[in-house]
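Undergrad: After the C-alpha cells below, expect a handful of questions from me.
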Amino acid sequence: GNSVTQMEGPVTLSEEAFLTINCTYTATGYPSLFWYVQYPGEGLQLLLKATKADDKGSNKGFEATYRKETTSFHLEKGSVQVSDSAVYFCALSVFTGGGNKLTFGTGTQLKVEL
Amino acid sequence: NAGVTQTPKFRVLKTGQSMTLLCAQDMNHEYMYWYRQDPGMGLRLIHYSVGEGTTAKGEVPDGYNVSRLKKQNFLLGLESAAPSQTSVYFCASSSRTSGWTQYFGPGTRLLVL
C-alpha cells in the first residue's frame, strides 16, 4: 500500500534560520506529491505540489523536489519567519477510479521564535 | 466564492447520540472526501464520492455513513456516536479542473462524551 513518513516534531527554529522537513514515501504506480500547511485553528491549505520525478514545487519561499531515486520530497525554506509557524503535512496521491485519494504523513509542527 | 464550508464548527455529543456534518462546495467539483484528524496520526480518509449519488468507503469507514444527493453537498452521519469518534473532521473536494488538488474546509471539532 501507499504510505508517507515524515520527521517528527516539533521543530523549533529561530527566525531567519534554514528549514528542512524530511518526507519519504512508498507508493504503487506514479504518485503526485504534496505539501499542505495547517495554521492554528484552520483547515489544510495546499503549499506546493509536484506531479512527476525531478519536478520542483515552490510557493512562498518554500521548495520541494520530487526525487524518485530516493522516494523523497523534502520541504525546504531558506529563511523562516514567525508567521511560518504551523503544522506541515506531506502527502501523496495516485489517481484511480476513486479520484486522487490522499495519503498523509503524520504532520510536523514548526515553531519559529524571534 | 466561499470554497469549501463545513457546519457545524464545534459540537458536543453524548455517547449513543446521532448527528450529521454538512460539507458544501461551490467550485463544481466532482470529487468530495471526508477525513478525520487525530493527534499523531495525520488525516485518514473516512468516505469519498466521485459524483452525485455515488459514495465509497475509505480507510476508516466504520461507524459512519455518507450521502451525496446534490453535487455540491456531502453529508457525514454518525448514527450512534462513540468516544472513539472524538476528532476533527475535514471535508475536501477536487476535480480535473483543479488539477486534482484537494481543497479543504475549515473543519468540525467533535467531542463525544
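The values are calculated or read from the model by the stated rules, or taken from the named source; none is laboratory data. Just so it is clear, the structure is predicted and the values come from calculations on it, not from any experiment. Heads up, the Cβs are rebuilt from the backbone with ideal geometry, glycines too, and the neighbour counts pull from every protein chain shown. Please note that ligands, DNA and RNA were not included when accessible areas were found on the heavy atoms of the full protein model with its side chains. Shrake-Rupley method; radii C 1.70, N 1.55, O 1.52, S 1.80 Å.
Undergrad: In segment B:65-113, how many are within 14 Å of chain A (Cβ to nearest Cβ), open to solvent by 40 Å² or more (accessible area, probe 1.4 Å) and assigned to a helix (DSSP H, G or I)?
TA: Number satisfying all stated conditions: 2.
Undergrad: Considering only residues that are more than 11 Å from every other protein chain (Cβ to nearest Cβ) and under 11 Å from the mean Cα position of the chain (by Cα), which ones fall in segment A:26-36?
TA: A:Leu33, A:Trp35
Undergrad: I would also like to ask the following. Considering segment A:28-56 alone, what residues qualify as being over 22 Å from B:Arg36 (Cβ atoms) and open to solvent by 20 Å² or more (accessible area, probe 1.4 Å)?
TA: A:Thr28, A:Gly29, A:Tyr30, A:Ser32, A:Lys49, A:Thr51, A:Lys52, A:Ala53, A:Asp54, A:Asp55, A:Lys56, listed by residue number.
Undergrad: Being among the acidic types (Asp, Glu), farther than 12 Å from B:Val88 by Cα and either in contact (Cβ under 8 Å) with a residue 40 or more places away in the chain or more than 10 Å from every other protein chain (Cβ to nearest Cβ) (or both) is the filter here; which residues of segment B:37-60 pass it? Explain how you work it out, then say what you get.
TA: Initially, segment B:37-60 is screened for residues among the acidic types (Asp, Glu), giving B:38, B:52, B:59.
Remaining after also requiring farther than 12 Å from B:Val88 by Cα: B:52, B:59.
Matches in segment B:37-60: B:Glu52 only.
Undergrad: Does A:Leu92 qualify as being open to solvent by 40 Å² or more (accessible area, probe 1.4 Å), hydrophobic (A, V, I, L, M, F, W, C) and on the phi < 0 side of the Ramachandran plot?
TA: On the way: open to solvent by 40 Å² or more (accessible area, probe 1.4 Å): no; hydrophobic (A, V, I, L, M, F, W, C): yes; on the phi < 0 side of the Ramachandran plot: yes.
It is false that A:Leu92 is open to solvent by 40 Å² or more (accessible area, probe 1.4 Å), hydrophobic (A, V, I, L, M, F, W, C) and on the phi < 0 side of the Ramachandran plot.
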